[in-house]
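Peer 1: Sharing a structure below in structure tokens format, with a few things to ask.
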Amino acid sequence: MTAQTIDGNALARAIRAEVSGRTAALKARGVSPQLNIILVGEDPASQVYTRHKVNDSTETGLGATLERYPADMTESALLDRIDALNRDPSVHGILVQLPLPRHMDAGKVIEAIAPAKDVDGFHVASAGALVTGLPGFWPCTPHGCLKMLDSIGYDLRGKHAVVIGRSNIVGKPMALMLLQRNATVTICHSATADLKALTRQADVVVAAVGKRNVLTADMVKPGAVVIDVGMNRNDEGKLCGDVDYAGVAAVASWITPVPGGVGPMTRAMLLVNTIEAAERACTAAEGARPTAT
Ligand code: GUN
């Protein structure tokens, strides 16, 4: 079998077009959706990621402001800035780019963001909403993976999905989303005794470890769907995922490439969360406004 590719770039483009339409509709209601991105320090990868996020936002008509602060910014100054953004009704989404400098407590910083503006979906209130099925913002990467499965018309009901990796940002929320779609879900991690025995049973594998060749052809059931969240460099310095793409593509039915797979979808889902946050704020404000008599 030779797998078909799920094209994250094409899908993300379609999502951006949809967000552009929603942005225009919101502007017609008198609201300009606005995302503020906070970058503390000079981490090179973070600089690239945040620039992409701003460019994507601008392309869809969303206002995006990149706030850059020096690496020695104090945690309390950052918390003060977040507090100001929480109170500012013209700001609908707040994203603090991770990693933060070592002297800051990332958990505390994330918890300072108002859940209604938590477009990353990292706040404990957002996590709780996902667990319970209440409305809230879903983390962008696993949500993007789910959209990729939807794009091929994949019905998860009764399927066995194996998630490799248990991070709060990808693995755990991914498992919950798959569960919500009635998949039977196994979460594997560094202490899993026999990873291959589990992945061999999987109809869907999501690899989210951050290590090359975590999933190889011998670990995949013929016809499985494979989603690769990894973003690594190979020996030649080229971008690669967690999956041995060439080997696994010979066994799987569908596979996501790296680059051009989950990465652009993560960014697209940030735009979806941001427009959603702005729409909710607008609807709430319209509801609170006294009606003319
Ligand atoms: N650093 C790497 N990926 C992300 C992300 O999706 N959100 C934030 N806030 N920081 C990141």
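Readers should treat all values here as calculations from the given coordinates under stated rules, not as data from a laboratory. This is a predicted model, so every value here is computed, not measured. Ideal geometry is used to build each Cβ from the backbone, glycine not excepted, and the neighbour counts take in all protein chains shown.
Peer 1: At 7 Å along Cα-to-Cβ for each site, give me the label-to-label distance between His52 and Leu134 in nm.
Peer 2: 3.3
Peer 1: Okay, moving on. Taking square-rooted eigenvalues a ≥ b ≥ c of the alpha carbon gyration tensor, is the stretch 82-238 rounded, prolate or oblate, where a/c under 1.5 means rounded and, failing that, a/b exceeding b/c means prolate?
Peer 2: Judged from the Cα gyration tensor, the stretch 82-238 comes out prolate (a/c at least 1.5, a/b above b/c).
Peer 1: Report, in whole Å, the centroid distance computed from the Cα atoms of the stretch 276-291 and the stretch 111-152.
Peer 2: Value for the Cα centre distance between the two parts: 21 Å.
Peer 1: In addition: To test your reading of the geometry: what angle, between 0 and 90 degrees and rounded to tens, separates the Cα axis of helix 140-151 from the longest principal axis of the chain?
Peer 2: On a 0 to 90 degree scale, this one is about 60.
Peer 1: Specify the longest stretch of the chain that does not include any exposed loop site, a site being one of the GluC sites (Glu not before Pro) with a non-H, G, I, E, B DSSP assignment and at most 15 other Cβ atoms within 10 Å.
Peer 2: The answer is 43-235.
Peer 1: So what is the relative contact order of the stretch 13-83, in percent, for Cα pairs below 8 Å that sit 6 or more residues apart?
Peer 2: For the stretch 13-83, the relative contact order is 37 percent.
Peer 1: In the stretch 145-293, what percentage of the DSSP-assigned beta bridges are antiparallel, given to the nearest 5?
Peer 2: Taking every DSSP beta bridge within the stretch 145-293, about 10 percent pair in antiparallel fashion.
Peer 1: Hey, got a sec? Which trypsin sites (Lys or Arg not before Pro) in the stretch 103-169 land in a DSSP loop and have at most 16 other Cβ atoms within 10 Å?
Peer 2: Here the trypsin sites (Lys or Arg not before Pro) that fit, given the DSSP loop and packing criteria, are Arg157.
Peer 1: On full extension of the chain, what length is gained from Ser76 through Glu42, given 0.36 nm per residue of separation minus the C-alpha to C-alpha distance?
Peer 2: Taking 0.36 nm per residue and subtracting the Cα distance, the gain is 10.3 nm.
Peer 1: If packing is taken as the mean number of other Cβ atoms within 10 Å per residue, what is the order of 183-190, 91-98, 250-257, highest first?
Peer 2: Ranked by mean Cβ neighbours within 10 Å, highest first: 91-98, 250-257, 183-190.
Peer 1: How much length is gained if the chain between Asn232 and Ala106 is pulled fully straight, taking 0.36 nm per residue apart and subtracting their Cα-Cα distance, in nm to one decimal?
Peer 2: Contour length minus Cα-Cα distance gives 43.1 nm.
Peer 1: Sticking with this one: Which stretch or stretches of the stretch 56-73 have amide N atoms under 20 Å from the point lying 7 Å from Ala114's Cα along the Cα→Cβ direction?
Peer 2: Within reach of a label on Ala114: 62-67.
Peer 1: Over the chain, what is the mean sequence separation of C-alpha contacts under 8 Å (at least six apart), divided by residue count, expressed as relative contact order in percent?
Peer 2: 23
Peer 1: Okay, moving on. Taking 0.36 nm per residue of sequence separation and subtracting the Cα-Cα distance, how much length would be gained by fully extending the chain between Ala288 and Arg29, in nm to one decimal?
Peer 2: 91.8 nm
Peer 1: Rounded, prolate or oblate: which one fits the chain, using the alpha carbon gyration tensor with axes a ≥ b ≥ c (rounded when a/c is under 1.5, else prolate when a/b beats b/c, else oblate)?
Peer 2: Since a/c reaches 1.5 and a/b is larger than b/c, the shape of the chain is classed as prolate.
Peer 1: Is the shape of the stretch 152-225 best called rounded, prolate or oblate, per the rule: a/c under 1.5 gives rounded, else a/b larger than b/c gives prolate, else oblate, with a ≥ b ≥ c the square roots of the Cα gyration tensor eigenvalues?
Peer 2: Taking the square roots of the gyration eigenvalues as a ≥ b ≥ c, the stretch 152-225 is oblate.
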